[in-house]
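One structure is given below, encoded as structure tokens.
The values are calculated or read from the model by the stated rules, or taken from the named source; none is laboratory data. A quick note: this is a predicted structure, and the numbers were derived from the prediction, not measured. Methodologically, a virtual Cβ is constructed for each residue, glycine included, from the backbone with ideal geometry; neighbour enumeration extends over all protein chains shown.
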Amino acid sequence: MRRTGPRPLSAALGAYSRDRAPTTALARVQACWPEVAGEVVAAEARAVSERAGTVTFGCSSGVWANELDLLSADLLERLNTTLAECGGGRVERLRFRVL
């Protein structure tokens, strides 16, 4: 048997980590946020807490917090669509704050 090269660690641990991921609403939002918002936005804002259907995101600056607040209706719709496709749950409101 000939090996093509080393496998990435993420490939080897993918199924293992999926089975052990927390099942909280915050964990589901954190998992799908890069897909919903895009990699650039996800690098500037991350979900830090969830309470009673409201997810709070910590942003790298006030400019990002303000811009994302203006886009929150669209982001909320996209987030709920993605959550419905990959595990359920629903978010009622998004808040953006500076870390």
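Looking at (1) assigned to a helix (DSSP H, G or I); (2) modelled with pLDDT of 95 or more; (3) surrounded by 15 or more Cβ atoms within 10 Å (Cβ to Cβ); (4) of a type outside the set (Val, Ile, Thr), find the lone condition where Arg46 falls short.
The single condition Arg46 does not satisfy is (1).
Please give the number of the condition Val40 fails out of (1) within 21 Å of Thr23 (Cβ to Cβ); (2) of a type in the set (Val, Ile, Thr); (3) surrounded by fewer than 16 Cβ atoms within 10 Å (Cβ to Cβ).
It fails just one condition, (1).
Give me the pairs: first residue in segment 61-74 and at pLDDT 95 or above, second residue aliphatic (A, V, I, L, M) and not in a helix (DSSP H, G or I), beta-carbon distance under 7 Å, and six or more apart or on different chains, which are they?
That search, which allows pairs on different chains as well, returns Ser61/Val98; Gly62/Val98; Trp64/Ala45; Ala65/Val98; Leu68/Ala45; Ser72/Leu94.
Can you pull out every residue in segment 18-30 that is surrounded by 10 or more Cβ atoms within 10 Å (Cβ to Cβ) and modelled with pLDDT under 75?
Listed by number, the residues that qualify are Ala21, Pro22.
Considering only segment 48-99, state which residues are out of contact with any Asp or Glu (no Cβ under 9 Å at 6 or more places or on another chain), more than 25 Å from Thr23 (Cα to Cα) and polar (S, T, N, Q).
Listed by number, the list holds a single entry, Asn66.
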